[in-house]
Structure formats: structure tokens, C-alpha cells
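Contents: one structure, followed by commentary.
The values are calculated or read from the model by the stated rules, or taken from the named source; none is laboratory data. Here the structure is a predicted model, which is why all the values come from computation and not from measurement. Note that we place each Cβ from the backbone using ideal geometry, even for glycine, and neighbour counts take in every protein chain shown. Just the protein is used for accessible areas: all its heavy atoms, side chains included, with ligands, DNA and RNA removed. Shrake-Rupley method; radii C 1.70, N 1.55, O 1.52, S 1.80 Å.
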There are 2 protein chains.
Amino acid sequence: MERTAACGGDAGGLDALFRPRAVAVLGATGRQGSIGREVLRNLMVGEYQGKVFPVNPSHDVVMALKCYPSVLEIPDPVDLAVVIVRKDLALEAIEACGRKGVRALVIVSAGFGETGTPEGREREARLREILGRYGMRAAGPNCMGVINTEPEVRLNASFARLTPPAGPIAFVTQSGSLGESMLELAAERGAGISMFCSIGNRVDVDACDLVPYWEHDARTRVIAMYVESFLDPRRFIPVARRVARRKPIVAVKAGRTAQGARAAQSHTGALVGRDVSYDALFEECGIVRVTSVAELFDVSAALAQQPPAPGPRVAVVTNAGGPGILATDALVGLGLAPAAFAPATTAALRAALSPDASVHNPVDVLAAAGAADYDAALRSVLDDPGVDAVLVVFAPPIMVDADPVARAIVEAWRAAVRGRPLVACLMARSRSAGEGARRLREAGVPTYPFPEEAAKALAALVAHGTGRARPEDPPPEIRPAGDGGSALLAAARARLRAPGEPRMLDLAEGLALVAAWGIPAAPTEFPASLDEALDAAARLGWPLVAKLDSPAIVHRSDVHGVATGLADEGQLVRAWRRLGELLQQHADGRGRIALQRQIGDARETILGMSLDPLFGPLLLFGSGGIHVEVLGDVAFRLHPVGPRHAEEMIRQVRAWPLLAGSRGEPPVDLALLRDALVRLSALVAAHPEIVELEINPFLVAPAGRPSGAVDVRVRLTD
Amino acid sequence: MERTAACGGDAGGLDALFRPRAVAVLGATGRQGSIGREVLRNLMVGEYQGKVFPVNPSHDVVMALKCYPSVLEIPDPVDLAVVIVRKDLALEAIEACGRKGVRALVIVSAGFGETGTPEGREREARLREILGRYGMRAAGPNCMGVINTEPEVRLNASFARLTPPAGPIAFVTQSGSLGESMLELAAERGAGISMFCSIGNRVDVDACDLVPYWEHDARTRVIAMYVESFLDPRRFIPVARRVARRKPIVAVKAGRTAQGARAAQSHTGALVGRDVSYDALFEECGIVRVTSVAELFDVSAALAQQPPAPGPRVAVVTNAGGPGILATDALVGLGLAPAAFAPATTAALRAALSPDASVHNPVDVLAAAGAADYDAALRSVLDDPGVDAVLVVFAPPIMVDADPVARAIVEAWRAAVRGRPLVACLMARSRSAGEGARRLREAGVPTYPFPEEAAKALAALVAHGTGRARPEDPPPEIRPAGDGGSALLAAARARLRAPGEPRMLDLAEGLALVAAWGIPAAPTEFPASLDEALDAAARLGWPLVAKLDSPAIVHRSDVHGVATGLADEGQLVRAWRRLGELLQQHADGRGRIALQRQIGDARETILGMSLDPLFGPLLLFGSGGIHVEVLGDVAFRLHPVGPRHAEEMIRQVRAWPLLAGSRGEPPVDLALLRDALVRLSALVAAHPEIVELEINPFLVAPAGRPSGAVDVRVRLTD
């Protein structure tokens, strides 16, 4: 058995969980409808290959097995104990497991942190202490159990209603009932499970342990997850990123809306982080995100059986028009593209198919088509260099037998030399169609009853292919000027010590901080008098912007505290006087007036960072102004952001065409913008005391013209 | 039997199709796997209550029935003939049906217009002629058949694999294979079909005939459609609008992406119209649009069984956290809102449920909850005046029996006095769960295996509720000034007669046209000389805009042909000279210079119309400038647009917050904008020769300040 060092501890610990030589069931009973009975039954019916020891002081025998009053009375060594006892007995039982030398636990008992009560939390803390003291690994508490379908093990230590068929999907779930759904889907649709782990409250074993454990499990070809939150995403990211390049990881993350996230928080009592952070995490790691448990299963089956797609160009082959159109709609809606065929492909199709057939994409072989038509059509499109993936639809008419067609699909796919993925939609529920679907699935062609499901599976194969091919993007080492702003931040912290004071840098500090990291900023001075202002103007050059900078004025435009386009001394003098009066009026004179060279003919953008409590620095790019504030058109990425990821962020916003140049306007300086994001990422990493930083606007002009930060807001930790 | 006048002919004609007293099957055979056998078999096995006459010159008896060499030899009257003969024999057979006095046909034979060949089209034209000559109604050609499950009729005149259970859903489909899918879903999920019609190439019977026929069919409670295109949407709209207020109509429209639409066009050979037009049609009629056949079925089942929801506020009751979160995510993603409970509801829940239960939305009754907990929770939330609809999730744990919980759900729903809809998600595939699901469905509670499907069903109940409640919006009668532009359009048509000339009005004509219909426009003059320009300036007032108006210059800003902000005579003189030179340079002096009073401090919007070949005038509103041209942020409605629908359009664009007033800006004059759209709708209706009209920009300021059209482009039909 291959072993790996898990990120959360030694892998041997997890072998005790998934490959134990003996299992004790604490709380085993024969009572109908009890969990204690179901777990024992699953172990027995599932034909577990090791020894099972029921433990229950009230029984002498349970289901024909000798029952022990305590785990300590078991004469043999025990690797795994399943704990099903009442919450008030659980800790004592677990302590006994520790003394017995048990190495792993499945804690089904509930009544811990998930209750949200002080007693529950206290009980969970004591559990953690016991586990640490004995070095035991544990799934749970409040979990449904673990399963390993490996023929040498056959462990079903869960109260699931069924033992799923063996197969290539490893599944970790934070929700027991959704785990059960997934196992039922596996049984129903015939793509099986390698291992299953319900992690419940996750006092110990988490996705962070399971992903690297499954990385080296040869039977596992895809890792599926139901996630409500990660305890430590920063520990998870490097592991997942490494694994996802070799083995696809698919996740459904519940709480994708604000309302769903609130429900998740009250359900698990955990800090859930912001959903945009999870999106950024999945993107970063190359994890395929789906939105439902059914999709999680469908997509996992495809990823386990088919190679990744190198690109988004899909050929559709169908024998019915309607499903072909729906498939095309679904593919395009998912961001894929109908492939355009090479002339040779069209010619080959025309030669092989009936004259009324459509030889363009979607290829319609017509209702009367049989095995030979499918064979010819699939071989042609699988050979086309412009085809990255194939979706084949078969709606069996009564005059066509499903089985030969299913065989032809399998043969054509096996014969293809270009290794492109293929998924099938077999649109019928008849027995013959059911057999065709089974034949396809068994031969490794994922098969779905509706074109939309097949399209989603293909989209996942494309996402995984793209994610794998996505180059690493190590951020370049950025050296700041001088101390990179450390001294000015220290000084600001000292100054902002008053309680209740907003812990915000002033404009001069903000501009100096970003400038120290090489982010361009509009030349700015802070003259103390009108005299100095006139001197500064001569240095800065016209036109100028004058604006208030005061801790008492949060939104200076609300008080008309900005004067733009100052073209001469006269205008400057009038603006200076007006702003001086505003400063008295709104801020009792606290603050000063900034004079800035105006950056003209540039697009407004926003570069920002906000510290996610779980994920760390989350970088933001928006196309600026109303696009961000009113339309919410922004892109997020986790720190660190290298130049490739920075460019992805910039191109991802809806308003990207405005930056790329439209209506005859020249494009903005993309290289400068990308560089500024990379530098911002380095800046926030160097200063963890910054909880929020917003350069708004960052004005970006076409290359060769002045661009830069005009306003910078920096908030420090309390 | 109640009858109605169908929009496409007499309803009696459709009774011959769905309620015939005798059916002839032309092309009946006993050969395994032939359509001729399947149709006959379905009529017999489905226990058709009338007489069946096989017709086939090669047989004397088919399936124990006497077989006739020709329909003319049948001694009894025949209402319906199913035509399955080869395409080269079809027209002769149909002619014989006409002579026999057959009143309706189901034409399964293919080889007509759908082939796209001249012969196919010719055959279809001759078919049309024969039908007209004998006054026969027909479904098809190239169709799968018709079904009526009415106990007195029991007609399955189709080659579907099965006869669906009787039920409340009437279904019309343009695709036979998707029709088959729908029938299989009905059989599988237990919500049945009232009538089914596969319309194939639709030479005669279309949705336009079926919708009003089903309006008066008491067994039909919901009408479901699979649509690729409508032949005559303008005839369909008033019918569908009337019916949808009483009976829900659900549609899946294939070809929602441009690529899918192209596939649809090549499949049916029909002119499909633009997808935005279909969206506008469904919105206009109150038809619920879905995106897949599975959803079409799920949603129809809910609409058939549950009352519409008066609003979007949903309560979720669950016994498992994960599914509750996924349900909340799905609801919010579909535009619904989690209901906030009244304090009395929360108190009642707290009193009734276990102490660890969550009494806020989603209500988590916890895994151990039984019938009593569900009963109490559902009664509380169904009573809450802030709850418009309820989604109940039950993930049966092994220790809880599904049946009593299913009973409790039914009882609580029946006891509720407020008539709010309820849908259930029963997350398990066990036999006991299956029985629970059956009990729920039979009691009228639509039940789904996954929370996302239940959420979609609820969203449809909300959409139908909202659509029903949507007030009629008759456009007010608008009287234009003078002749409403008829004379100027006639003059322009005369002027633009040269072949190859773009048939565009000039700016003066465009502004005069919209002004005649009371749409405000910036005061504009067209001085012939600088002298006249200076006089015009004095009349118009400063600041002014000067711009080129020439048929040779399509985009005047490309040649810098607009001068804005002219503040005095000097600036006007310089602009006049510069524009005069441009006119010589780019247009050989053709055209003139327009002088316009500048509208300041206003938002750019676009009002437009484009003539859809199928749907007629399609009105457009966009928030203007880059939002329309780069971001595609526009709303469409079909003519006529009344004030309510105009306001919906304006509020529908993403940039609406900018118009409503944001960042301290005052809102624009919404009443004026709404009125301008209504007037534009009247204008285009009065002048069908206009194929395109764009007021871009229409500048709209806060109420009380000048607003109006600044530029108008009008293209006439060729």
C-alpha cells in the first residue's frame, strides 16, 4: 500500500480509518431502526474483511456476535472504533479507546459543537484534548461514517442505507444526508465509489487530510467534495493545487448566495468565509465547481472515465433535431463552443450518411440511422483536429435497436487516436435503452438521460483540461523602495491608537505606501499655505486637482471637496479658498488640502484588497467608477497574484472591452495595470496589519501616457 | 363536451383529431419494429373506445383486425386517419381520405418540407392544397402522433413507446423524440398527461390551435410546450395572453443561443425569429420559460397541482442542514427570497420543536424529527403572513419512517387556510421513501429528489403568480401632431428611390418624425449659411452643439463631425468653418450642418425599434452609450408597449440604479422616459414601412430640466 505524508498528519493514521484490521462498534445493538444496528449490519452485509467486535454493556450477543461490555475487554488489537453511544457517555468511551490503543475513530455520536451550546462546545474541546493525548485520528463527531470498497477491505462503517458499488470516485462530505444521496446516485447510475468519508464537525479529519491521502490511492480517479466551509483554506490550497493537476477534484460548495451562507453558518456554527473567496480558491486550485449533488455525481463520473478536453470546441452528433438544439444551447450557455468542421470532415460525413442528414454541427444522422451511421459520424468528428470533445445523442426510435448503436459508439471512441473525450445522451427509459446505457457506461462512456446533463459533464472535462494546462504563475519577487512603508505604518499605528478612531491612513501615507512598492501614483503635494500651493503648482504642472484630506471627511465628494481641472493660478486660488472653508465647516480645520497633477484621458479602475478572515488577502480588480459601485462588476483572486492571474482578473470583468479599446478608443496600458496588481499583492503580503486597501480610482491611460493611483484608502487592523 | 372557437379554425375540427369515433390506420402492418405496427398496437393496448380500421392493400388482416385495401373501402364513417405510408404514396392516400370524408389526419409520413429539398417543399405545398380543398385538419407531417387519455376516448394514435398515465398536463411538441421523453417522465414520476400532440412540420395544427382548444378542456390544468419557432407569433400572442391568466403555460424554447438557433433553423427549415423576441413574447403572455425537458415536466407537475404563489418569499423546512442550504442557494439564485418570519412564528416553532432546532429560515427540525415536528413546523410557516410559498425537505434517516412524515406534510398543507403553495423534496431512493413520495404526489404535493428541482418548481409557481397578477397594460391612444409624419415619410421614400442608396431619413426628418408623436427632442435648426447660423443661435440659446448631417457620413463621430459646448459666437464660427470643410472632404458637400441646443447634466439612454420578421416591432430600451454598445445592457418588449411595460423595461436594465439616482445624483425623469417609449410604440405601429428606428442618445435629465432626442436614425423598408 502506497503511503503519503498527509498535510494534516501521518497517512498511517488514515489507513487505520479506511483499512483497519479490526473494528469495534461502541453502542452496537440489534434494535430495529437504531444506528447501532445499521452500522453493525453494514459491516456484516458489506462483507468487511477484518474482525468486528460489538461493544455494549447491556448485551452479551448482538447479531450473532459476542458482545463486550467495554472496548478494553476485547482480547484482540482494535484499529478502528465506531462510536455511537449517547453524548453523555461518548467521551468516557473514547477515553477507553485511547487506553485500548485504538488508532482511529468514527464518531457518529452528536451533541458537540454543532449544537451551538456552551456544553456542546465544551464537550468538543474535551474530545479534541483526548484525541491529541492518544494520537488518535477521528472522523466526526456528528458524522455518518466511512466506507472503503477496496476488495481486500470492504469496510462500510456507516449507517448509510446501502453499500455503494466499487468504483473510481472518492467522496468527502460535510453533510451526512447529501452523502447518502451521493451513494444512492452511485448505486443507481452505476459509477461507483472508492472511498467515502462523512466528516461531520471535523474536529480532526478534514478534506485537507483526505485529498492527499486519495492522491496516492490508485483506485481513486476523481475526488468529489460537498463543502460548506474549509477550516483552514490556506493550508488546503497548496495541497489541492498539486493534486488537482493529476486527479480531478470536483466540489459543490453550499452557501453560494449570501442567504445560503447565513444558513450554512447557523448549521455548522463555523466561520464560513465569503463565497467569492471560495470561487477564487477553486479557480486557483483548478477545482471544478458545480452547483448540485446530482451534478457532482454526473460530473465526477465523466471525469473518472474520460480524458480531459484540451479546449472548448464540441461536436454534437444526434439522431433527433430537438435534442441536438438543446445540447447546443446548453453547451453555449456553459461557455463551450460548437466546433467548426474541417472540409474533409464535412465531405466524409456527406459520403457516409443519408442524403437528408445534416453534415454540419450538430450532425443529424436522422431517426432511421443505425450503428453504421453512428460509427461513421463519430469516427469523422473524433478525427477532426478542430474538435476538442464530442457529445453524442441517441434517442432510440422504435425501429432501431439500442444495443448495436451503443456498441458502435464504444467502438468508434476506442478506435479514435486523438484521445478526445466523449459523453453520451441516451434519451429513453425503455429496457433496451437501459441496456444500451449500461453498455456505454461499462465501456467508460458516461451516459446521461438528458442533453443538458451531458453538456454539463463535457463542460467539467473542459474545465479540468483547462485547469491542468493553466501554467503556474509564481509571482515575481518585488523589492520595495526603502523599507516598503514599514516606518510609516508604524507611525500611523502609533497615531491612530485612540479608541473609536477609524484606523485609516491619510492620503499622503496611502500614496507613499503604494509608491514604495512601485505602483505609480499621481504626483501629489500637501502645501501648508496658499503660497506653498502656488509653488507646488509650478512644480507639478497644470492642470491640477485640489482635494480635501481629512480624517473627519470620509467621502470628500459628498461635501464637494474635490476641485478638478484647475488650469491656472486664478482657478487654484479660488479652489484653495473654497476648500479651506469646507475644512473649517466640516472638520473643524482637521486635515489639509492635497494638490495633485491631473491624469487626463484615462479609464477609471479599482485595485483593492480585503482580508478574508479565513482565506487571507483577497485581491480585487474592477473597471472603476459606477461599474464597481453600482453594477458590482469586479474580479477576485487570492494572494499571491502573479502576472498571468492578474491579467485573467482584468479580462474577466464585464467592462473589459472598454479597457481593451472600443468605439475607436485606444486600449489602456494593460502591462502597467497587470504589474500594479502584482505589486499590490506583494505589498499586502508584506504588511499583514492591513485589513483593507483600495486604490480608487487607479487611472489607466494608453501606454506611454501618465497613469496612476489618485486616491488610496488603507485600513489597519484594530 | 365544451367547445371553443380556435384561433386557427373551428374547434370541431380538433375534436375529430382528439375525440374521433373511428380511426383508420393507413400503412398498418404487423411487422415487428415498424411504425405501422406500433400505432395500431398503441390504439389497441391503450383501449381506444372507438373503432379501428387498418388500411393496407398488401394485407387482409392485421393484428386480428380486418384490413382494407383503401380508406374508401371502409364501410363506416371515419373521423381520423393516421397516415404512415411511404412519402411517394402519402398524397394519394390523403386525397382518398378527403374523398372518404375523413375530418382529421395524423400524418406520420416524412419527406416533406423538413428535408429542405425542392421536392419536399413541393410535396408540402400540395398537401396544404388537399387539406384546404377538403377542409381536413392535420397534425404533421413528420410527426409522432396524438394522445388523449380521457376515459371516454383513450386515444393513443402515436408510435410512442408507452401510453402515459392520465393527468392534468397537455403537451404540444415540435420534436417527436422530446415528446417521447416527456411521456416517459410522466409515466416515471406519476403526474399524467391529458392530451399530447406532436405537430411535426405544422402544415396545419399548431400551438395556436391547441392552446385555445385546451383552454376549455376541463381535464387540462397546465399547458406545456416544446417550441423551436412559432409560425405566426402575432396571432399567438393575444390567445396565449388570455389563456395564461387562467391556465398556466410552460414552454421550453430551443435555440436560446445564437448557435442553438442556427441548429434549429437547419432542423426545421423554418424562420425562427430572434430569441429576445421569444423572451419578450413569453414575458408579454405570462408564459413560464424553462430551459430543459426535465424542467418542463417538473414545473408542469407543480403548476398543475399547486396554487400560484402571490410573491417570492419562501420558507424552507428541513431535517438536514446541507439540503436546507442548497435549497436556499437555489431559491436565491432563481430570484426568490427567504421569508423573514413574524415573531409569533418563531415563538411557535421554538415551543413546538426540540431545543437544538433552528427556528429561523431555513427551519431545521433536526434529523430525529418525526411527523409531529413536521406538522408543527409546517402549520406555523404556512400561517405566517410573510410567507408566500413553502419548500419542505425530508431526508429520511434510518430511524424515522417516511410514511407518517409524508402524511403529516399532506395534512398540514390541507389544513392551511391561506392557500399558499407547497413543494417537497424527498431525498432518498429507498422503498419507504418512494412510497412517501408517491403519497405526497397523489395528495397533490409535487415532490422532487433534489432541493434544486423543488426550488425551480417554486420559482415557476411564483412566475405564474406574478404573471397572472400583472395588470393589463393597454397603451393609451396617442394622437400625433398633424399627419404624424406621413407626408415626410412619403417624401423621403420618393427621394430615396435610387437603388443601393441606404434608405435612411436625414436628421431633420428623424427629429420631425419623433416630434410629431410628442417625443421631446433637442431644439434643432439647419441654417444654410453662417449668417443664418448666428441668427439660429440667438433663437436656440447657448451652449450649442453643431454637427454634420450627411447621407455620405454614417458615423459622424468617426470624422469628428460633432462640436459640443459651443458657448459663444466665436466658438460657433470656428466650428461652422471646420464642419463645412469636413463636409467637402468626406461627402463632396452633400449634406448640411445642424445646430442644436445642448442638453446638459443628463443621462444617455437609447430608445429603439427593430422590426422582427416574425414578431413585428420589437422595442428596445438601453441605458445608453457604452452600456448598450459594449456591454449589451438592453431590454426588449413587443409592440404595443403601455406605460407599465415601458417602466418594466427601464427598470430591467442592469444600469437602472444609475437612472434611479446613485452616488448622491438625483433620479432622472422616469415619467418622461416611460412616456417616450409608449409614444415610440405608437409611432412605429402607425408606420409599418419603418424597419429600424434608433433614438441614440435620448438624453434624460431630472424632472423639470430639458430632456430629449439628440439624434434619430430611421431606416425604411426596401
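Going through the cross-link list A:Lys51/A:Lys87; A:Lys456/B:Lys87; B:Lys87/B:Lys253; B:Lys66/B:Lys87; B:Lys66/B:Lys247, which pairs have a Cα-Cα distance over 31 Å in this structure?
Numbers: A:Lys51/A:Lys87 26 Å; A:Lys456/B:Lys87 39 Å; B:Lys87/B:Lys253 29 Å; B:Lys66/B:Lys87 24 Å; B:Lys66/B:Lys247 43 Å.
Over 31 Å Cα-Cα: A:Lys456/B:Lys87; B:Lys66/B:Lys247.
Which percent of the accessible area of chain A is formed by carbon and sulfur heavy atoms (probe 1.4 angstrom)? Can you show the working numbers first?
On the way: 13610 of 26790 Å².
Accessible surface attributable to carbon and sulfur in chain A totals 51 percent.
Which whole-number percent of Cα pairs in segment A:99-198 have a distance greater than 15 Å?
Working: 3172 of 4950 pairs.
Of all Cα-Cα distances in segment A:99-198, 64 percent exceed 15 Å.
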query: B:Ala703's amide H: which non-local residues (gap 5+, or another chain) put their own amide H closer than 5 Å, with H modeled 1.01 Å from N in plane and none for Pro or chain starts?
result: B:Asp669
- prompt: By what distance, in whole Å, do the Cα atoms of segment B:593-710 stretch along each of the three principal axes, largest value first?
  reply: 44, 36, 27
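Which whole-number percent gives the relative contact order of segment A:86-166, counting Cα pairs below 8 Å spaced six or more residues apart? Mind dumping the intermediate values first?
Details: 105 pairs, mean separation 22.7, N = 81.
Result for segment A:86-166 is 28 percent.
Please pull out the direction-averaged projected area of segment B:310-356, using the convex hull of its alpha-carbon atoms, in nm² to one decimal place. Working shown, then result.
On the way: hull surface 15.7 nm².
The number I arrive at for segment B:310-356 is 3.9 nm².
Please list the equivalent ellipsoid semi-axes of segment B:377-438, computed as the square roots of five times the alpha-carbon gyration tensor eigenvalues, in descending order and whole angstrom.
Working: eigenvalues 109, 21, 18 Å².
Its equivalent ellipsoid spans semi-axes of 23, 10, 9 Å.
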task: Treat segment B:11-302 as a sphere of radius equal to its Kirkwood radius over Cα pairs and apply Stokes-Einstein at 4 °C in a medium of 1.567 mPa s; give the translational diffusion coefficient in µm²/s, rounded to a whole number.
output: 68
- line: Under the Karplus relation with 6.51, -1.76 and 1.60 and θ = phi - 60°, whole-Hz ³J(HN,Hα) for segment A:415-430, x at Gly and Pro, equal 6, 5, 9, 8, x, 8, x, 9, 10, 10, 10, 10, 8, 6, 10, 5
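When averaged across all projection directions, what area in nm² does the alpha-carbon convex hull of segment A:306-468 cover?
Details: hull surface 32.1 nm².
Directional mean of the projected Cα hull area for segment A:306-468 stands at 8.0 nm².
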Cα-centred dipole magnitude for segment B:306-468, charges only on beta-carbon of K, R (+1) and D, E (-1), debye, nearest 20: 400
Sequence ranges B:323-333, A:511-521, ranked by mean other-Cβ count within 10 angstrom, highest first: B:323-333, A:511-521
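Restricting to Cα pairs below 8 Å that are 6+ residues apart, what does the relative contact order work out to for chain B? Please round to a whole percent.
Working: 1566 pairs, mean separation 60.8, N = 718.
RCO, chain B: 8 percent.
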task: Using only the Cα atoms, work out Rg/Rh for chain B, with Rh taken as the Kirkwood radius, to two decimals.
output: 1.07
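What 222 nm value per residue comes from the helices of chain A, counting each DSSP H run with n ≥ 4 as -39,500 (n - 2.57) and dividing by all residues, nearest 500 deg cm²/dmol? Walk me through the numbers on the way to the answer.
Numbers: 24 runs with 287 residues, N = 718.
So the helix-based figure for chain A works out to -12500 deg cm²/dmol.
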query: From the backbone phi of segment A:148-165, what are the Karplus-calculated ³J(HN,Hα) couplings (6.51 cos²θ - 1.76 cosθ + 1.60, θ = phi - 60°) in whole Hz, Gly and Pro given as x?
result: 9, 8, 3, x, 6, 10, 6, 9, 10, 9, 8, 9, 4, 5, 8, 9, x, x
- request: Hey, can you grab everything whose amide H is under 5 Å from the amide H of A:Phe53? Only 5+ residues off in sequence or another chain; H modelled, so Pro and N-termini drop out.
  value: A:Val23, A:Ala24, A:Val25
query: Over its Cα atoms, what ratio of radius of gyration to 2.2 N^0.38 Å does the protein assembly as shown give?
result: 1.03
query: For segment A:56-107, which trypsin sites (Lys or Arg not before Pro) are in a loop by DSSP, counting at most 16 other Cβ atoms within 10 Å?
result: A:Arg86
- request: Apply 1/(1 + (r/R0)^6) to the Cβ-Cβ distance of A:Ala372 and A:Glu188, taking R0 = 25 Å, and write down the FRET efficiency to the nearest 0.05.
  value: 0.20
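Would you mind calculating the relative contact order of segment B:306-468 from Cα pairs under 8 angstrom and at least 6 residues apart, reporting the percent as a whole number?
On the way: 351 pairs, mean separation 51.6, N = 163.
Answer for segment B:306-468 is 32 percent.
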task: Among DSSP beta bridges whose residues both lie in the protein assembly as shown, state the antiparallel percentage, nearest 5.
output: 50
message: Under 5 Å between amide hydrogens, which residues at least 5 positions from B:Val222 or on another chain qualify, with H placed 1.01 Å from N in the peptide plane?
response: B:Ala170
message: What are the extents of the Cα atoms of segment B:531-682 along their three principal axes, in Å, largest first?
response: 47, 42, 28
query: How far apart, in nm, are two points set 7 Å out from the Cα along the Cα-to-Cβ line at B:Ala487 and at B:Thr466?
result: 4.8
message: Show me, for segment B:503-508, the HN-Hα J-couplings you get by feeding each phi into the Karplus relation (A = 6.51, B = -1.76, C = 1.60, θ = phi - 60°), rounded to Hz, glycine and proline as x.
response: 8, 10, 5, 7, 4, 4
